[in-house]
Amino acid sequence: QVQLVESGGGWVQPGGSLRLSCAASGSIFNINNMGWYRQAPGKQRELVAVIIRGGTTNYADSVKGRFTISGDNAKNTVYLQMNSLKPDDTAVYYCYKRSLGSNYWGQGTQVTVSS
C-alpha cells in the first residue's frame, strides 16, 4: 500500500504562483511514475505532469513552460511549481503514484485561480 498526502493548494489571482507538495509513504521505493493529475468541474481527470524515470518528465501541453515538476527521493516527495496561473488551471489537483502494478491517488487539493 502507498499513502499520498498533498498540500499547497489554495486561491490565487491570475498570473500568480502556487507550489504543491505530495509526500508518499508505505511500499514506495522511489519517485518514478509519480506526478499530478487535475480535474475541473464537468471535465475528465487529466495528466498535468509526471516524473517517469531517472528524472525524465512529461507535461500536458497546456502547462508546458509554466509548471515544473520536481522530486526528492530521500523524502519520497514530489513538487509542482505552478507559475503564471490562469483561470483555466482551476481544478482539484491529485497526486498520483504507480507502484508494483497498482495506481494510487491522493485525496486532492483545490486550486482556484480567479480575480
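The values are calculated or read from the model by the stated rules, or taken from the named source; none is laboratory data. Since this is a predicted model, take the numbers as computed values, not measurements. Please note: Cβ atoms are built from the backbone with ideal geometry, for glycine as well, and neighbour counts cover all protein chains shown. The accessibility values were calculated without ligands, DNA or RNA, using every heavy atom of the protein model including side chains. Shrake-Rupley method; radii C 1.70, N 1.55, O 1.52, S 1.80 Å.
Numerical summary
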read-out: Any hit, the range 20-32, residues being closer than 23 Å to Thr112 by Cβ, open to solvent by 40 Å² or more (accessible area, probe 1.4 Å) and out of contact with any helix residue (DSSP H, G or I) (no Cβ under 6 Å at 6 or more places or on another chain); value: yes
read-out: Enumeration of residues in the range 12-38 that are under 12 Å from Val111 (Cα atoms), more than 16 Å from the chain's Cα centre (by Cα) and assigned to a strand (DSSP E or B); value: Val12
read-out: Qualifying positions in the range 39-49 - open to solvent by 20 Å² or more (accessible area, probe 1.4 Å) and either of a type in the set (Val, Ile, Thr) or outside any strand (DSSP E or B) (or both); value: Ala40, Pro41, Gly42, Lys43, Gln44, Arg45
read-out: Where a residue in the range 56-76 is closer than 15 Å to Lys86 by Cβ and its partner, wherever it lies, is assigned to a helix (DSSP H, G or I) and open to solvent by less than 90 Å² (accessible area, probe 1.4 Å), with Cβ under 8 Å and at least six apart; value: Val63/Asp89
read-out: Filter result for Gly65 (of a type outside the set (Phe, Trp, Tyr), at pLDDT below 95 and over 10 Å from the mean Cα position of the chain (by Cα)); value: no
read-out: Conditions (1) part of a strand (DSSP E or B); (2) closer than 21 Å to Gln3 by Cβ; (3) more than 11 Å from the chain's Cα centre (by Cα): number failed by Thr57; value: (2)
read-out: Scan of the range 61-115 for residues that are open to solvent by less than 60 Å² (accessible area, probe 1.4 Å) and among the hydrophobic types (A, V, I, L, M, F, W, C), ordered by number; value: Val63, Phe67, Ile69, Val78, Leu80, Met82, Leu85, Ala91, Val92, Cys95, Val111, Val113
read-out: Boolean, Gly54 is open to solvent by 70 Å² or more (accessible area, probe 1.4 Å) and either over 19 Å from Gly8 (Cβ atoms) or in contact with a Leu (Cβ under 8 Å, 6 or more places away or on another chain) (or both); value: yes
